[in-house]
C-alpha cells in the first residue's frame, strides 16, 4: 500500500520465492544471516506462508564456510553439486532431540 509504513501490518510485501504480493500480516520475515532477532539496521525480505512452509528449517551453522571450501573458479554446476553432496555426506547434521 503506498504511503504505508514498511513495518506496518497494513503494508504489503513481495515474497522472495514466488513473487506474489501479500499483506505484511500474512508474510514471514526472512533474514539470510539467520538471526532475525537482531533487528538493528536490517531490512528484511519476506516469504508468503506457503513458501515459508516449503523451506528447509534445518540448522545452517557452518554452511557458508562449507560452500566457500568446496567452491572453485570455473567449476561446473555438476562438479559443484558433486562436491557439495560429498561434503554433506561426510558431515551430517545431527537431529536435535525432540
Given an 8 Å cut-off on Cα distances and at least 6 residues of separation, report the relative contact order of region 15-88 as a percent. 27
Computed over the Cα atoms, what is the radius of gyration of region 12-54 divided by 2.2 N^0.38 Å, N being its residue count? 1.11
Using label points projected 7 Å from each Cα along Cα→Cβ, tell me how many nm separate residue 53 and residue 73, to one decimal. 4.7
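Each value in this text was obtained by applying a stated rule to the coordinates, not by laboratory testing. Model, not experiment: these values are computed from the prediction. Glycine also receives a Cβ, built like all others from the backbone with ideal geometry; neighbour counts cover every protein chain displayed.
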